[in-house]
1. Compute, for chain A, the length of the dipole vector about the Cα centre, with Cβ point charges of +1 (Lys, Arg) and -1 (Asp, Glu) only. Units Debye, rounded to 20.
2. From the C-alpha gyration tensor of the protein assembly as shown, pull out the three semi-axes of the equivalent ellipsoid (sqrt of 5λ each), sorted largest to smallest, in whole Å.
3. Compute for the range A:1-74: radius of gyration divided by Kirkwood radius, i.e. Rg/Rh, restricted to C-alpha atoms, rounded to two decimals.
4. Extent of the range A:20-161 along each principal axis, from alpha carbon coordinates, in Å, largest to smallest?
5. Just to verify a number: FRET efficiency for A:Leu89 and A:Trp10, C-beta to C-beta distance, R0 = 22 Å, to 0.05?
6. Label A:Leu145 and A:Thr18 with points 7 Å out from Cα along Cα→Cβ: what is the distance between them in nm?
7. Enter the Cα centre distance for the pair the range A:31-64 and the range B:4-69, rounded to the nearest angstrom.
8. How large is log10 I(q)/I(0) at q = 0.17, 0.19, 0.33 Å⁻¹ when the Debye formula is applied to the Cα atoms of the range A:118-161, each weighted equally and without solvent?
Amino acid sequence: MGAFGLAAAWFGVVVFRTSSMVRSALALLFSMAAIGGMFLAMEAEFLGVLQLMMMATEMAIMAIFMVMYMMDPGGLSGMDMTHQKRASLAAGALGALGALAVAVLADWGPIEARVPAATAQVRELGIEIMERSMLIFETAGVTILTAMIAATAIAIQSRRR
Amino acid sequence: MATLTVALVVGAVLFGIGLYGALSQTNLVMIMMGVELMLGAAMVNLVAFWRFLHPEVYAGQMFVLIVMTVMALEMTVGFGIATGRFRAKGSVEMEEAQDLKG
C-alpha cells in the first residue's frame, strides 16, 4: 500500500510540474490508478476496480478537453500558467500539515485485522444501497441527471445567442 | 496502527498537492485537476477508515461511491462551463474571467 501511496503522491506532483497538458492528464490518470491500487491493497476490491475503470475513462476525456481548450497543450512555448505561487504553496503545505497532525496524533482506537471476503462485501454494499442508503443513492442519480442537463444548457447557451 | 497511518498520511499529502494545484493554476481544467486530487485524498481516507476501523459498516463504502459521483459531477459541470466560456471568450484562463464577478 505504501508503494501505491508513494506513486499516487509522486504523480500528483508531476500533474502540476510538467508543462505538457497531455503528460499532466496522464500523470493524474496514474495518480488515480495508484489510488485504485491502494483500495485493492486495503481489500476494497469493488471500489478499487470501480476507481480504475472510472478514472481511466474520466482522464481520457479530460485529456481530450485539455488539448481542445489549452492555448499551448504541448507545453512547447514554456508558458507559465500559475499565479499566487507562494500563497498556494503555503496553503497546500498548511492543509497537508494540519491533516498529517490529525492523522498522526489522533487516537483512532483498535484496528480491525480482518475484513469480509470480496463477495460478501459486494453483497453487503448492495444491501446498504438498496435499504438504508437508498434515498442517498437515488438522490445521487437525480443529481447526475440534473448536472448533465445543466452542463448541456451552459455549453449550448452561446449558440442560441 | 501503522497501515492506517500510512493511508492517512498519503491522503494528507494528496490533499496538500491538490489544494496547491487548485489555488495556483490559472487554467480552469488544471484547477479541476487539483480538485480531483483533493477528492481522491478524501476517498483514500474514507476507504482507510472503513478498512481499519469499521469494516462491518458499509456506509463508509457508500460514502466513497458518493464522492466518486461528486468527481464525475464536478467534471461534467466544469467542462460545461469551460465549453461555454471558450465559445464566448476563446479561452478558459481564469485570470481573464474577472467579468464573471457580480
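The values are calculated or read from the model by the stated rules, or taken from the named source; none is laboratory data. None of these values were measured; they are calculated from a predicted model. Because the Cβ atoms are built from the backbone with ideal geometry, glycine has one as well, and the counts that use them run over all protein chains shown. Ligands, DNA and RNA are stripped out before the accessible areas are found, and what is left, the full protein with its side chains, is counted by its heavy atoms. Shrake-Rupley method; radii C 1.70, N 1.55, O 1.52, S 1.80 Å.
1. Numbers: 10 positive and 11 negative charges, 159 e Å.
Taking the Cα centre of chain A as origin, the dipole is about 760 debye.
2. Working: eigenvalues 215, 105, 47 Å².
Working through the eigenvalues yields semi-axes of 33, 23, 15 Å.
3. A ratio of 1.04.
4. 53, 42, 23
5. Efficiency, from the Cβ-Cβ distance: 0.80.
6. 3.9 nm
7. Cα centroid of the range A:31-64 versus Cα centroid of the range B:4-69: 12 Å apart.
8. -0.60, -0.66, -0.99
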